[in-house]
Amino acid sequence: NDELDGYAHMVSHDLKSPLSAISIANAMLREDIANIRDEQVRQEVAEALEAIDRSLTKTYELVNGLLSMAEAGQAPVETEHVSVFKIVSEILEERSAQIAEKHSHVQIEGDLGVIEGNALQIYQVFNNLIGNALVHNDANEPRIIIRSCVTDDSGAHRYEVYDNGSGIPSEEVEAVFKPFYKRGSGSENGIGLSIVKKVVE
């Protein structure tokens, strides 16, 4: 964790400066497109700039994801009483458009309770799990259930984010928690579940 944390911060610092410079140069070039008289050339330049923008966005996501993954492995300096229902409700509100687009029925079962932890980390856990349930649910009538299960003698809580899709093949269950592991051809960076695992641990 210490090595990953140091590496992630180094990558974040060292990459963001040149990425910012590329982004600024791209914006300046975009302003100059109007001065190109040849329509075909202007179109080609515009397409190239769009490709650069997409690559920049993806690279920023990877850098920020790597940093988030490193920080997720650290014990929080400060904790508080966190309402899991409030966190989950905020996530569902933020993802309301995606839920509508996927025609998903989302249900919260029972009292999700209050746990001692870091609100941002709890958000990361449920946001990633709910996001995966939305993106990868291949059922004709997608359903997602978020529920609290038993609390054991030590006070630890157990939660389930359940969906009615085809699920993860048994041979891939361990692999999905590895950084940058991706299933299918989606645009996600494959970091989400590794962040979930580190936070929970």
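The values are calculated or read from the model by the stated rules, or taken from the named source; none is laboratory data. What you are looking at is a predicted structure, and each value in this text was computed from that prediction instead of being measured. All Cβ positions, even for glycine, are placed from backbone atoms using ideal geometry, and neighbour counts span all protein chains on display. Side chains included, ligands, DNA and RNA excluded: accessible areas come from the protein's heavy atoms. Shrake-Rupley method; radii C 1.70, N 1.55, O 1.52, S 1.80 Å.
The C-beta contact set for the range 164-178 (first residue more than 24 Å from VAL106 (Cα to Cα) and free of Cβ contacts under 8 Å to residues at least 40 places away in the same chain, second residue in a loop (DSSP other than H, G, I, E, B) and open to solvent by less than 80 Å² (accessible area, probe 1.4 Å), distance under 7 angstrom, 6+ apart or interchain) comprises ALA175/TYR181. I'd like to know if the range 68-85 contains one or more residues that are in contact with a Pro (Cβ under 8 Å, 6 or more places away or on another chain), surrounded by 13 or more Cβ atoms within 10 Å (Cβ to Cβ), at pLDDT below 90 and of a type in the set (A, V, I, L, M, F, W, C). Scanning the range 68-85, I find at least one residue that is in contact with a Pro (Cβ under 8 Å, 6 or more places away or on another chain), surrounded by 13 or more Cβ atoms within 10 Å (Cβ to Cβ), at pLDDT below 90 and of a type in the set (A, V, I, L, M, F, W, C), so the answer is yes. Would you please name the residue that is surrounded by the fewest Cβ atoms within 10 Å (Cβ to Cβ), looking only at residues in the range 141-155 that are small (Gly, Ala, Ser) and in contact with a strand residue (DSSP E or B) (Cβ under 9 Å, 6 or more places away or on another chain)? Per the stated criteria, the residue is GLY155. One residue stands out among those in the range 54-66 that are of a type outside the set (Ser, Thr, Tyr) and surrounded by 15 or more Cβ atoms within 10 Å (Cβ to Cβ): the one that is modelled with the highest pLDDT, which is LEU56. For the range 8-26, residues that are of a type in the set (A, V, I, L, M) and open to solvent by 50 Å² or more (accessible area, probe 1.4 Å) total 5.
The residues of the range 111-140 that are open to solvent by less than 40 Å² (accessible area, probe 1.4 Å), part of a helix (DSSP H, G or I) and of a type outside the set (S, T, N, Q), listed by number, are ALA119, ILE122, VAL125, PHE126, ILE130, GLY131, ALA133, LEU134.
Among the residues in the range 60-68, are any farther than 29 Å from GLY155 by Cβ, touching a residue at least 40 places away in the same chain (Cβ under 8 Å) and of a type in the set (Phe, Trp, Tyr)? Yes; the residues of the range 60-68 include at least one that is farther than 29 Å from GLY155 by Cβ, touching a residue at least 40 places away in the same chain (Cβ under 8 Å) and of a type in the set (Phe, Trp, Tyr). The set of residues in the range 93-110 being surrounded by fewer than 17 Cβ atoms within 10 Å (Cβ to Cβ) and touching a helix residue (DSSP H, G or I) at 6+ places or on another chain (Cβ under 7 Å) consists of GLN98, LYS102, ILE108.
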